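Report on one structure; see the data block that follows.
The values are calculated or read from the model by the stated rules, or taken from the named source; none is laboratory data. Fair warning: this is a prediction, and the values are worked out from it, not measured in the lab. So basically every Cβ, Gly included, is an ideal-geometry build from the backbone, and we count neighbours across all protein chains shown. Heavy atoms of the whole protein, side chains included, go into the accessibility calculation; ligands, DNA and RNA do not. Shrake-Rupley method; radii C 1.70, N 1.55, O 1.52, S 1.80 Å.
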Amino acid sequence: MSEGTKQKTKRYPARIFCRATIVCPSCLKRFKERAEQCPHCGFDAHSTVRQFNYTPPVLECLMDHAGVTDDQTRSAVIAASDRVSAMFPQVKLYFCMVRLGEEVKLPEFGFWMMNACILQEGQTEIDRAWSILLIVDVERGIASVTPGYAIEAFMEDSGWEKLLTDISPQLNNEDYREALLGYVQGVESLLSKESQKVRNIIKIK
């Protein structure tokens, strides 16, 4: 992972970067190897297909199915997201505002969206792998982050958990503009730290 640059591209094996393990979207336990199902609870992709029997939408930058953002908020959030993507060309941020029932686990819903949603025109599966999806349940005032499998390797839990905690007051107050912009600012900071770690690893290889 690197910030935007005009320098000549140099390739490095992925094994020198990957540190974070995989998180099960159901039981939230981590495990080291990619598998068809979680070794702890048995969760698999087929579970979400059965649970969320919806027609998957196109994964767009800001999807407000709850109808809680106005045009100015959407424009500001998209512009902020684009600035992050300009710094980190591999990464694309997505936001989804929904109203879900108490029985729905946001990480499971995010997993379904990340895997089921239709690609935008011109996008590839690699683009999806570097995506980060924020799901906000406006009924419960809670949020969950779902990463694509490529960016997940660079996302350690503590910083992202703190980021969601930091924006929870704004979510509870229904100040979605400040919550989403605060989230984007936090994402930029976390990605910058991870980018610096990557550069440090490259220097010693």
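A search for C-beta distances below 9 Å between a residue of segment 85-99 that is without any contact (Cβ under 8 Å) to a residue 40 or more places away in the chain and among the charged types (D, E, K, R) and any residue that is open to solvent by less than 50 Å² (accessible area, probe 1.4 Å) and assigned to a loop (DSSP other than H, G, I, E, B), counting only pairs 6+ apart in sequence or on different chains, returns nothing.
For segment 153-201, the tally of residues that are touching a Ser or Thr at 6+ places or on another chain (Cβ under 9 Å), assigned to a helix (DSSP H, G or I) and under 18 Å from residue 90 (Cβ atoms) stands at 5.
Here segment 50-69 is the region considered, the condition is being over 19 Å from residue 130 (Cα atoms) and not in a loop (DSSP other than H, G, I, E, B), and the residue that is most open to solvent (accessible area, probe 1.4 Å) is 50. Applying the criterion of being under 18 Å from residue 64 (Cβ atoms) and among the charged types (D, E, K, R) to the residues of segment 105-159, the residue that is most open to solvent (accessible area, probe 1.4 Å) is 139. Kindly indicate whether residue 145 is outside any helix (DSSP H, G or I) and in contact with a strand residue (DSSP E or B) (Cβ under 7 Å, 6 or more places away or on another chain). So residue 145 passes the test. Filtering segment 70-104 to residues that are touching a strand residue (DSSP E or B) at 6+ places or on another chain (Cβ under 8 Å), open to solvent by 10 Å² or more (accessible area, probe 1.4 Å) and not aliphatic (A, V, I, L, M) leaves 74, 85, 92, 99. Within segment 160-169, the set of residues being of a type in the set (Asp, Glu) and surrounded by 21 or more Cβ atoms within 10 Å (Cβ to Cβ) is empty.
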